[in-house]
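The values are calculated or read from the model by the stated rules, or taken from the named source; none is laboratory data. Note that the structure is predicted; figures quoted are calculated from it, not measured. Here the Cβ positions follow ideal geometry from the backbone for every residue, glycine too, while neighbour counts run over all protein chains shown.
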Amino acid sequence: MQRHSWKDSSYYINQIYVEESCLHLDYTQEIIHRAQLPWSVVPDRQKPNSLADDYVENLSAGKRQLYLCMNRGVFFKPCPGTREYQCCDYQVLNTGTNCPIDCVYCILQAYLNNPWLTFYVNTEPLFKELTESLSGHPELFFRVGTGEFTDSLAIDRLTGLSRRLVPFFAHWDNAVLELKTKSAVIDNLADLPHNGRTVVAWSLNSPSIMKSQEIRSATLQERLDAARQCAEWGYKLAFHFDPIIEHPGWRAGYAATIDALFATVPAEAIAWISLGALRFLPSLKEIGIKRFPASTIYFNEFVQGLDGKSRYFRPNRVEMYLSIHRRLKEKAASTTCIYFCMESDEIWQEVMGFVPAAHGGLPKMLDRAVRGS
Ligand code: SF4
């Protein structure tokens with residue numbers, strides 16, 4: 001079926017696999033029932049099929065197959081930031097890997113080695129880990145995100161995970177959940193008792209990058225309309241200009257996105273906005289070029305950063321940041337925290353005119369933005 005919109009990329013999925021020991025779980029049955037797709041059982045700890053034998057070649061095919069399986073590792077852990085750059089102190093909730101959207105720059109292409117979409121259905125230990133961490137450290141404030149190894153809402157129509165997570169976080173004073181997406185899948189959020197403890201976030205880019213490099217993602221206006229709806233439901237919002245990509249017309253493109261953002265969404269609803277220029281592991285370049293031969297984003301001059309990732313040269317990054325930051329500052333509410341994801345103090349100073357330490361550090365700045373104190 002030819003679709004005219006990818007507000008919800010879960011419609012791309014056409015097959016479900018279930019790890020045998022998960023079959024009896026109510027949650028598994030719920031998802032199978034909701035999806036109405038062909039499904040089959042896979043013996044424990046086995047792979048659904050041979051797609052992993054040629055991972056890169058089969059990544060596109062893997063994005064149509066959802067593997068409901070067991071997470072035998074840890075669900076909740078700190079984001080793997082690096083010591084060399086200012087990190088936002090994020091806690092990652094690992095609910096599954098990969099997503100049906102296909103971004104040319106997606107770091108997961110180089111990070112994963114299985115092509116299927118995986119979703120962990122054994123959520124009992126997930127909530128146990130969360131409860132232990134949050135109750136064990138009432139003195140800390142946790143910012144928790146599910147969008148590190150997947151898109152937080154892209155398959156929510158099938159999993160309904162948001163309907164479990166959002167009410168859970170509503171009960172905690174020392175935590176906030178961030179659901180980060182490039183979809184417009186928000187129906188499950190409509191009637192949830194969120195208590196201001198969930199931030200719904202969208203990654204944004206220039207319109208031409210969204211269209212050409214983020215395959216099966218929602219359009220700019222679809223994302224912004226969904227954000228406005230979430231604000232009407234009382235959710236706080238966030239936006240991530242990440243990765244900022246140098247491309248012909250980037251200045252006008254990012255300006256157009258910022259203008260559309262503030263024309264659609266109430267500025268006061270936005271807790272934070274991040275900026276991050278394209279950065280990638282060297283191994284991603286080869287995969288990206290192989291999978292997306294028409295894309296030119298990897299054909300630029302890059303320098304290796306302190307974290308081993310390729311980045312644009314500093315003057316190029318600063319030029320883009322200055323342009324985008326200036327426009328954001330003109331329109332953003334004074335309570336919105338605009339910050340860099342993984343940049344040095346020198347860049348902060350040059351673009352924003354201060355370093356995070358002057359405001360108590362980046363984690364504190366973000367905590368204030370969402371708690372309003
Ligand atoms: S939406 Fe996120 S997880 Fe999905 S392909 Fe794009 S970058 Fe990767």
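Structural remarks
- Test: residue in the stretch 290-298 that is at pLDDT 95 or above and assigned to a helix (DSSP H, G or I): yes
- Of everything in the stretch 183-229 that is within 13 Å of the ligand (Cβ to nearest atom) and under 17 Å from L158 (Cβ atoms), the residue that is surrounded by the fewest Cβ atoms within 10 Å (Cβ to Cβ) is R216.
- Among the residues of the stretch 299-319, those identified as at pLDDT below 95 and acidic (D, E) are E301, D307.
- In the stretch 117-149, of all residues being more than 13 Å from the chain's Cα centre (by Cα) and under 19 Å from T181 (Cα atoms), the one that is surrounded by the most Cβ atoms within 10 Å (Cβ to Cβ) corresponds to L117.
- Within the stretch 258-274, the set of residues being under 14 Å from I338 (Cβ atoms) and either more than 22 Å from the chain's Cα centre (by Cα) or assigned to a helix (DSSP H, G or I) (or both) comprises I258, L261, F262, A267.
- First in the stretch 99-117 and within 18 Å of S295 (Cβ to Cβ) and in contact (Cβ under 8 Å) with a residue 12 or more places away in the chain, second anywhere and outside any loop (DSSP other than H, G, I, E, B) and near the ligand (Cβ under 10 Å from one of its atoms), Cβ under 6 Å, 6 or more apart: I101/S9; D102/I215; C103/E214; V104/Q213; Y105/P243
- Filter result (surrounded by 19 or more Cβ atoms within 10 Å (Cβ to Cβ) and either hydroxyl-bearing (S, T, Y) or not in a loop (DSSP other than H, G, I, E, B) (or both)) within the stretch 277-286: A277, R279, F280, L284
- From the list Y254, Y298, the one residue that fits, being among the aromatic types (F, W, Y), buried (at least 23 other Cβ atoms within 10 Å of the Cβ) and either touching a His at 6+ places or on another chain (Cβ under 6 Å) or over 25 Å from L177 (Cβ atoms) (or both), is Y254.
- Residue match in the stretch 234-257 (condition: aromatic (F, W, Y), closer than 25 Å to R64 by Cβ, out of contact with any Asp or Glu (no Cβ under 6 Å at 6 or more places or on another chain) and not in a loop (DSSP other than H, G, I, E, B)): no
- Of the residues making up the stretch 109-116, at least one is surrounded by fewer than 22 Cβ atoms within 10 Å (Cβ to Cβ), closer than 19 Å to Y17 by Cα and within 13 Å of the ligand (Cβ to nearest atom).
Okay, residues lined up against (1) within 16 Å of the ligand (Cβ to nearest atom); (2) surrounded by 14 or more Cβ atoms within 10 Å (Cβ to Cβ):
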residue: Y11; (1), (2): yes, yes
residue: Q15; (1), (2): no, yes
residue: D26; (1), (2): no, no
residue: Q36; (1), (2): no, no
residue: E57; (1), (2): no, no
residue: Y90; (1), (2): yes, yes
residue: T97; (1), (2): yes, yes
residue: C103; (1), (2): yes, yes
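- Considering (1) within 15 Å of the ligand (Cβ to nearest atom); (2) among the hydrophobic types (A, V, I, L, M, F, W, C); (3) over 24 Å from R279 (Cβ atoms), the lone condition that F141 does not fulfil carries the number (1).
Each row is one residue, and each column tells you yes or no for (1) in contact with a Gly (Cβ under 9 Å, 6 or more places away or on another chain); (2) not aromatic (F, W, Y).
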position	(1), (2)
C230	no, yes
P243	yes, yes
F262	no, no
S274	no, yes
F280	yes, no
G288	no, yes
R291	no, yes
Y298	yes, no
L306	no, yes
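- Residues in the stretch 150-167 that are more than 10 Å from the ligand (Cβ to nearest atom), surrounded by 23 or more Cβ atoms within 10 Å (Cβ to Cβ) and either at positive phi or polar (S, T, N, Q) (or both): 2 in all.
- Members of the stretch 5-32 found to be free of Cβ contacts under 8 Å to residues at least 12 places away in the same chain and over 30 Å from K211 (Cα atoms), listed by number: H24, D26, Q29
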